[in-house]
Amino acid sequence: MSNYQHTITTQRNITNLNKGQLKLGPYLLGKKLGQGTFGLVRLGTHIKTGEKVAIKILEKSKILETCMKS
């Protein structure tokens with residue numbers, strides 16, 4: 001069974017490091033893996049362990065806009 005970790009974040013939690021690298025918590029954000037209606041998915045690499053994960057970044061405004069239409 002896989003372990004999934006869910007984290008709620010905002011764009012304020014994403015830090016722009018030198019050379020244009022983005023950091024979210026203990027992860028460096030890498031290339032874009034996909035995109036959907038509410039946001040995108042990026043490759044995340046844990047800074048200390050090197051473990052690779054998929055990080056879904058949702059745009060709150062798009063979610064709220066869709067809810068308002070319903």
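The values are calculated or read from the model by the stated rules, or taken from the named source; none is laboratory data. Worth saying up front: this structure is predicted, and the values here are computed from it rather than measured. In this analysis, Cβ positions are derived from the backbone assuming ideal geometry, glycine residues included, and neighbour counts consider all displayed protein chains. When the accessible area is computed, the model is the full protein with side chains, heavy atoms only, and any ligands, DNA or RNA have been set aside. Shrake-Rupley method; radii C 1.70, N 1.55, O 1.52, S 1.80 Å.
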Would you mind checking segment 40-63 for residues with the amide N under 16 Å from a putative spin-label position 7 Å along Cα→C-beta of residue 69? 59-63
Counting only protein heavy atoms, what percent of the accessible surface of segment 26-69 is carbon or sulfur at a 1.4 Å probe? 60 percent
For peptides 37-43, 61-67, sequence by mean Cβ density within 10 Å, most packed first: 37-43, 61-67
At 0.36 nm per residue, and after removing the present C-alpha to C-alpha distance, how many nm does the segment from residue 13 to residue 43 gain when stretched out fully? 9.2 nm
Under 5 Å from the placed amide H of residue 39, counting only residues 5+ away or on other chains, we find 59
